[in-house]
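Here the structure is laid out as structure tokens; the discussion comes afterwards.
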Amino acid sequence: MSVGRLAGKTALVTGGRQGIGRGIVDAFALEGARVMTCGRGERPSGLPKEVLWSTTDMSRGDAVEALANQVIEDLGGLHVLVNNAGVQIEKTVADTTDADWDQLMGVNAKGVFLACRALIPRMDDGGSIINIGSISGNVADPGLALYNASKAFVHGLTRSIAVDHGPGLRCNAICPGWINTGMADAAFAVAQDPEAARSDALARHPVGRFGRPDDIARMAVWLASDESTFVSGQCFAVDGGLTAASPLNPALF
Amino acid sequence: MSGTLANRTALVTGGAGGIGSAICRRFAREGATVMAADIAGLDKVGDAGIRPLQLDITSEESVTAAFAALSEEWGRLDILVNAAGIEIEKTIEETTLAEWNRIFAINVTGMFLVSKHALPLLRQSKAASVINFGSYDGFIADPGLAAYCATKGAVHALTRAMACDHGPEGIRVNAICPGYVDTPMLQSFFGESGDIESLRQAVRDVHPMRTYGQPEDIANLVNWLASDEARYASGQLWVLDGGLSAQVQQMRL
């Protein structure tokens with residue numbers, strides 16, 4: 001594997017149990033990086049054995065500090081941090097409870113801050129931070145108020161880190177669109193006719209399909225690699241063209 | 001005469017069109033001396049003290065002749081609204097070079113010519129405001145409107161450039177970027193639909209405000225940008241679309 005584009009690099013990917021995070025873990029490992037990932041539960045059974053696992057709640061400062069120490073100890077340093085861990089709550093502002101706020105903002109916003117605060121001083125020169133934002137941080141998905149807002153936070157933090165911590169570090173965000181994961185399924189599940197909703201959604205994608213975790217992972221590999229050393233402070237939408245089009249397409253009615 | 005635009009002189013290109021004529025009526029009501037410039041349809045103009053001006057904005061001769069006359073008569077220009085524009089409902093593959101050149105000649109070159117030759121008169125104003133017509137299509141695409149989208153992107157860039165270059169001379173330059181507004185252009189976009197009322201309803205339903213705009217809604221913002229209340233507003237692209245583009249594509253769920 002030493003010929004991979006990330007050969008010799010070390011990476012921490014938060015939220016690597018499933019979905020986009022797992023896709024990034026697999027892609028990084030394939031490209032030769034030494035990877036640690038984490039999640040709230042126990043190590044998932046299918047994770048490749050060379051990938052390190054840490055059971056960590058990203059919303060807790062002491063847990064993240066311990067994770068940061070473990071990363072440096074086990075990997076010997078850190079080149080790439082991917083802040084992917086996130087949760088989604090399908091509610092409007094009026095329906096959202098304090099507990100919802102603590103849960104969602106604790107992971108999606110505070111968790112990203114905690115990981116960056118703990119690891120920026122420990123990362124190697126030339127390191128790359130990759131935050132997973134969302135197209136929903138730019139334009140609103142109905143009924144996902146705090147999620148949308150938390151991703152806008154991620155986009156703003158991305159720019160601040162790029163500005164404050166260059167030239168030693170680069171920081172960018174990837175803004176996925178509709179990726180086939182549990183989160184997308186949950187969104188379709190609230191439709192009156194989930195299958196019709198799915199085909200309507202497909203028709204709004206210029207590339208004619210939903211995304212896959214590896215579509216995001218490919219962008220993450222590039223942002224982690226030395227091919228992107230002049231790229232910093234940007235938020236890249238990877239959404240199959242969805243948000244390039246108007247929300248209103250009379251041809252679909 | 002009292003009103004927010006008392007004693008101001010205003011030239012509105014596309015002044016016989018759906019949005020342009022609403023702007024002229026509003027300006028007149030606010031006390032401005034208004035000239036409605038258009039290439040045709042001027043027989044409908046002339047009420048409420050609005051003066052018609054036959055003008056081909058794609059012809060530099062026609063434009064310089066118009067400003068020579070305005071210079072004689074008014075000696076200054078306080079408000080220039082570049083509202084003239086056309087739409088071509090085609091993809092790039094269907095668009096002929098002649099059609100491409102024509103829409104750029106009107107939507108972009110015409111704005112350039114009118115603005116360029118208005119500058120000497122705008123400099124004579126103590127409160128010069130130029131309002132260009134962009135479109136939300138300059139940010140995100142409506143299907144089958146390729147050349148139109150491209151002209152509006154050009155308008156947005158031109159707006160910022162003009163604001164930059166002529167701000168030091170006391171000339172403010174902004175663009176309004178309408179979404180769906182009830183005009184002959186929109187009716188044409190609805191086109192050959194068999195059941196236009198159900199299409200209209202569907203289009204309304206996609207908007208967070210559950211309606212599309214009226215020309216008077218656009219005139220409200222034009223009036224503000226033209227007035228002294230907007231004296232610190234320049235170089236901006238003002239999207240006015242009933243919330244349409246705040247959303248991710250509105251799937252039928």
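Read-outs throughout are calculated quantities, based only on the coordinates presented, and are distinct from any laboratory measurement. Here the structure is a predicted model, which means the values were calculated and not measured. We place every Cβ from the backbone using ideal geometry, glycine too, and count neighbours over all the protein chains shown.
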Step through the residues of region B:241-249 one at a time and calculate ³J(HN,Hα) from phi using the Karplus curve (6.51 cos²θ - 1.76 cosθ + 1.60, θ = phi - 60°), rounding each to whole Hz and writing x for Gly and Pro. 9, x, x, 3, 8, 6, 9, 5, 2
Anisotropy class of region B:21-74 from Cα gyration tensor, a/c 1.5 cut: oblate
Within 10 Å of each residue's Cβ, count the other Cβ atoms and sort A:Asp124, B:Asp217 from fewest upward. A:Asp124, B:Asp217
Run lengths n ≥ 4 of DSSP H only: what is the helix-derived mean residue ellipticity at 222 nm for chain B, with -39500 (n - 2.57) per run over all residues, to the nearest 500? -12000 deg cm²/dmol
Take the cross-link list B:Lys90/B:Lys152; B:Lys116/B:Lys152; B:Lys44/B:Lys90 and give me the ones stretching past 20 Å between alpha-carbons. B:Lys44/B:Lys90
Describe numerically, in nm with one decimal, the distance between label points set 7 Å from Cα along Cα→Cβ at A:Ala196 and at B:Lys116. 5.5
Net charge around B:Pro208, counting only other residues with Cβ within less than 13 Å of its Cβ (Lys, Arg = +1; Asp, Glu = -1)? -1
Integer Hz, Karplus 6.51/-1.76/1.60 couplings in order for region B:108-124, x for Gly and Pro: 10, 4, x, 5, 4, 5, 5, 5, 4, 7, 7, 3, x, 6, 5, 5, 7
If you stretched the chain out fully between A:Glu65 and A:Trp222, how much longer would it get, using 0.36 nm times the residue separation minus the C-alpha to C-alpha distance? 53.8 nm
Under 5 Å, built H, 5+ apart or other chain: amide partners of B:Ser125: B:Leu77
Using Cβ counts within 10 Å as a stand-in for footprinting exposure, how do A:Val107, B:Val173 rank, fewest first? A:Val107, B:Val173
Using 1/(1 + (r/R0)^6) with R0 = 45 angstrom and r between the beta carbons of B:Ala40 and A:Ala203, what's the FRET efficiency to the nearest 0.05? 0.70
In sequence order, what are the phi-derived ³J(HN,Hα) couplings for region A:87-101 according to the Karplus relation 6.51 cos²θ - 1.76 cosθ + 1.60 with θ = phi - 60°, rounded to whole Hz, with x for glycine and proline? 10, 10, 10, 8, 9, 7, 4, 5, 8, 7, 8, 4, 5, 4, 4
Around A:Met58: net Lys/Arg minus Asp/Glu count, Cβ-Cβ under 11 Å: +2
Once R0 is set to 25 Å, what does the formula 1/(1 + (r/R0)^6) return for the Cβ-Cβ distance between A:Gln18 and A:Thr55, expressed as a FRET efficiency to the nearest 0.05? 0.95
Can you give me the long-range amide H partners of B:Trp238? Hydrogens built in the peptide plane at 1.01 Å from N, cutoff under 5 Å, separation of 5 or more residues or another chain. B:Ala175, B:Ile176, B:Cys177
Taking 8 Å as the Cα distance limit and 6 or more residues as the minimum spacing, I'd like the relative contact order of region A:1-97 as a percentage. 31
For region B:97-136 and region B:1-54, what is the centre-to-centre distance using only Cα atoms, to the nearest Å? 17
Skipping prolines and chain starts, which residues have an amide H placed within reach, meaning under 5 Å, of the one on B:Gly15, given they are 5 or more residues away or on another chain? B:Ala37, B:Asp38
Plugging the Cβ-Cβ distance of A:Glu73 and B:Asp165 into 1/(1 + (r/R0)^6) at R0 = 35 Å yields, to the nearest 0.05, a FRET efficiency of 0.05
Residue order, fewest to most surrounding Cβ atoms within 10 angstrom, among B:Val108, A:Val112: B:Val108, A:Val112
Run the dipole for chain B about the Cα centre, Lys and Arg Cβ at +1, Asp and Glu Cβ at -1, nothing else charged, and hand back the magnitude in debye, nearest 20. 760
Give me the net charge of A:Gln192's neighbourhood, meaning all other residues with Cβ under 12 Å from the Cβ of A:Gln192; Lys, Arg count +1, Asp, Glu -1. -2
